[in-house]
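The values are calculated or read from the model by the stated rules, or taken from the named source; none is laboratory data. This is a predicted model, so every value here is computed, not measured. No Cβ is skipped: glycine too gets one built from the backbone with ideal geometry, and neighbour counts run over all protein chains shown. Ligands, DNA and RNA are stripped out before the accessible areas are found, and what is left, the full protein with its side chains, is counted by its heavy atoms. Shrake-Rupley method; radii C 1.70, N 1.55, O 1.52, S 1.80 Å.
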Amino acid sequence: MSELMKGNFEVKRKLDVPDVSDDSADFKNEFKKKALESIGGSMVFVEREMLFWESTESADGE
Amino acid sequence: MMSHHGVSPEFQGIMDEITSIGLDWHSETLVENSKRNKPFIAKSIKDIASPQQKKAESAIIISAGPSLYKNNILARIKDSGYEGSIVAIDGSYVRCLKAGLIPDYVLTLDPHPTRIVRWFGDPDFESNLKGDDYFSRQDLDIAFRNNSNEENRRNIELVNRHGKDQKLVICSSAPMNVVERTEAVGFDAYWWAPLVDNPGSPGSLTRAMVNETKLPAMNTGGTVGTAAWVFALTALKIPRIAVVGMDLGYYKADTGYQLTQTYGPLKDKVGEDNLKDVFPEFTYPDTDEVFYTDPTYYWYRCNILDLLAASKSTLYNCTGGGTLFGDGVVCVGIDEFCAGF
């Protein structure tokens, strides 16, 4: 929207526009940063049931 | 499905963020490191000789939570003359050596490029230390908090002395400096790929790593201690497995919320008066001691409980504290476990 409304002229004095990102996004970013700093010895984890897996392709030596 | 403990929706929402944080942070590194490590991969965990006799009957996984020191666990294991298998994680390895307890296996998985090598004695200690206060904050082995060059030098010597031919269970995503350091020491390395998602899913990271390396994949539960339990259960096929030092939380009596890493953003989010909602408390059944957890530790806790349910096995928790109890977990004293109760 700001692109559409900015007009077709240049202003002489530049304005400092505050970042208006919402609080929730700020929290997530800050939490994410702190969590990344704190988790050691860690790994991605999505799969919650399979404990061990071996590809049949690998076993066949492909 | 995660195993929960009646936490608030607010806490649940925060915890759900952890999975995406891990994916954002690690996904590229995991596959890149696995590709890059291929020239070093000579043996996999399938090449490890099956443990024999007492070593095949039971195992102790040594994680590195503060209870390890508070409860004098390492000395108690050593004094018991325990003859089962011992699996140390990278963060407890030096501590084991200092206690005169030589593990049968050491497991490492984290791909962090500068931190993990420190557990093996870091040849680039000073440059890797710059701008990182991880070790001065961590509560695993307080000897590491001082960031002392002298301590690191002693650790290098200790690992050099004991690491040769020591069985190392190393993840394909390990950082280059850990690979180089452990190879220089002469560890006997057995490789595996991390099972992080369903290999049948489109775009699976697990499948990509396995295709690159031809390694078997083991689930990690998101953390090195859980990976060590999965290793003992699935690769060594040991039926009775205990964990020690697996606190997955903080001692309420010793550690204020402000000492936890996520205190600042959580306080801003919920306010000082509501902090209890995001640091849920647990009373350890055997001692009635109170612990609390944060989103990261609670995530680890849910993960291991889910994997435990999936495995249909029993885990003996000899930590003597912390938050790990629930279905499939039997809390028992370490002396009792070592005596083969």
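At a glance:
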{"read-out": "Rel. contact order, % - alpha carbon contacts under 8 angstrom, at least six apart, chain B", "value": "23"}
{"read-out": "Heavy-atom accessible surface that A and B bury in contact, both chains counted, 1.4 Å, Å² to 100", "value": "4200"}
{"read-out": "Assigned charges on the beta-carbon of Lys, Arg, Asp, Glu; region B:9-338 dipole about Cα centre (debye)", "value": "1220"}
{"read-out": "Share of carbon and sulfur in the accessible heavy-atom surface of region B:9-338 [1.4 Å probe, %]", "value": "47"}
{"read-out": "Exercise: per-residue mean of other protein chain Cβ atoms within 10 Å, B:195-202", "value": "4"}
{"read-out": "Sites B:LYS237 and B:ARG154, calculated FRET efficiency, Cβ-Cβ separation with R0 22 Å, nearest 0.05", "value": "0.05"}
{"read-out": "Sequence ranges B:117-123, B:70-76, ranked by mean other-Cβ count within 10 angstrom, highest first", "value": "B:117-123, B:70-76"}
{"read-out": "In nm, spacing of pseudo-spin labels at B:LYS252 and B:GLU336 (7 Å Cα→C-beta vector)", "value": "2.3"}
{"read-out": "Taking the C-alpha atoms of chain B, convex hull volume expressed per residue in Å³", "value": "135"}
{"read-out": "Occluded residues from region B:211-225, i.e. those whose accessible area drops by 30 Å² or more once the chain is not alone (1.4 Å probe)", "value": "B:LYS214, B:PRO216, B:ALA217, B:ASN219, B:GLY222"}
{"read-out": "Peptide B:262-271 - average C-beta neighbours from other chains (10 Å radius)", "value": "4"}
{"read-out": "Potential extension, B:GLN52-B:ALA310 segment - 0.36 nm per residue separation minus Cα distance", "value": "90.2 nm"}
{"read-out": "Solvent exposure of chain B as accessible area per residue, Å², 1.4 Å probe", "value": "39"}
{"read-out": "Segments B:219-228, B:284-293 sorted - mean Cβ within 10 Å per residue, highest first", "value": "B:219-228, B:284-293"}
{"read-out": "Rh (Kirkwood; distinct C-alpha pairs) - region B:158-295, Å", "value": "18.4"}
{"read-out": "Pair B:SER201, B:LYS78: separation of 7 Å Cα→Cβ label points (nm)", "value": "4.4"}
{"read-out": "Number of partner chain Cβ atoms within 10 Å, mean per residue of B:17-26", "value": "5"}
